[in-house]
Amino acid sequence: MTMKKKVGLALGGGGAKGISHVLILEALEELDLQPCFIAGTSIGALIGAMYCAGMSTAEMRAIFLEFSLKENESLKHIVTRKHIFKWLDFIGPQFRGRGLLRVENLLTYLFESVHATRFSQLNIPLKVVASDFWSRQQVVLDKGTLIPAIRASMSLPGLFEPVKIRNRVLIDGGAVNPVPFDLLPRDCDLTIAVDVIGERTVSEKLPSLSEAVFNTYQVMQKSIIREKLVTMMPDIYFEPNVVELRVLEFYKAHEVFKHGDTTKRKLKRLIKQHLKSADK
């Protein structure tokens, strides 16, 4: 009887592209593997927390599809759905606040079916990455209340209001550590880092202001990742073939899941190859 492998999983930031993290967890389940430790940044922290708190991948898939358009629908169809009111709650502008969008209501909805409210209640240990706005340093959160930590990790400047935790003003963790594989325990048999930032189609067209801001931020994130990989490499560094989604296009979840089998096959092949070579 083979011993259970100790798997460490790092889930990176990338907005709606992070829905593909659900596919990563599904692939591990199909191989009868479960992470013993998860480190997450931004959307990776959110999905990591959902899983560590006991939510199944089937439940996560169902939640994201609930907010998604169907195959042949356009954005105008979403206004006929009851859950449009949830989305309006999520993306309603905060004219008096410090951020343009609210993330609290979506987080509250996603965590309605999750019983854990504190890190200590999680089934699997989790580290969440945020950035200290004033000191410009990484902050790793793994104690205390869960949702403020996730909100901090997802607080992309200009979109979401910074979060104050223990007298520190925190913003999106992607500013310092977009894919936090360096936080995984050293004694893992297998470490997997998932980068969902993705590539962009080359174009001569000038981007909109918002697109320029978001993509510039992701250019900087990619630079951080490249520098990290020079000094440290996880066993598997995986980049799902994510369709081109903008940061808040969660209503396109069906497009991510449509290509899920290909993504999972590729990851499972890499995992099997690594475990086979490690057992020799």
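What FRET efficiency comes out for Arg186 versus Arg246 if R0 is 30 angstrom and r is the Cβ-Cβ distance? Round to the nearest 0.05.
For R0 = 30 Å, the calculated efficiency reads 0.25.
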Practice task
Using only protein heavy atoms and a 1.4 Å probe, report how much of Asp279 is accessible, in Å² to the nearest 10.
Solution key: 100
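If you put +1 on each Lys and Arg Cβ and -1 on each Asp and Glu Cβ, how big is the dipole of the stretch 106-253 around its Cα centre, in Debye rounded to 20? Before the final figure, lay out each step's value.
On the way: 16 positive and 17 negative charges, 110 e Å.
Dipole of the stretch 106-253, to the nearest 20 debye: 520 debye.
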Handout entry: Label-point separation, Gln137 to His254 (7 Å along Cα→Cβ), nm
Key = 4.8
Practice task
Of the options Val243, Ile224, Ser203, report the single residue whose Cα projects farthest towards the positive end of the charge dipole of the stretch 183-265 (beta-carbon charges: Lys, Arg +1; Asp, Glu -1).
Solution key: Ser203
Problem - Theoretical gain in end-to-end length, Gln273 to Ala58 [0.36 nm per residue, Cα-Cα removed] - result: 74.8 nm
Handout entry: 5 angstrom amide H check on Thr191, placed H, neighbours 5+ away
Key = Gly8, Asp235, Ile236
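With a sphere of radius 12 Å drawn around the Cβ of Lys228, what net charge do the other residues whose Cβ falls strictly inside it have (Lys, Arg +1; Asp, Glu -1)? Don't jump to the answer; show the numbers that get you there.
Numbers: positive: Lys222, Arg226; negative: Asp182, Asp195, Glu227.
The answer is -1.
Using the structure shown, select from Lys4/Lys276; Lys17/Lys272; Lys252/Lys272; Lys228/Lys272 the pairs with a Cα to Cα distance greater than 19 angstrom.
Details: Lys4/Lys276 14 Å; Lys17/Lys272 25 Å; Lys252/Lys272 30 Å; Lys228/Lys272 25 Å.
In this structure, Lys17/Lys272; Lys252/Lys272; Lys228/Lys272 lie more than 19 Å apart at Cα.
The values are calculated or read from the model by the stated rules, or taken from the named source; none is laboratory data. The structure displayed is predicted, hence computed values, not measured ones. Virtual Cβ from ideal backbone geometry, glycine too; neighbours counted across all protein chains shown. What goes into the accessible areas is simple: the full protein's heavy atoms, side chains included, and nothing from ligands, DNA or RNA. Shrake-Rupley method; radii C 1.70, N 1.55, O 1.52, S 1.80 Å.
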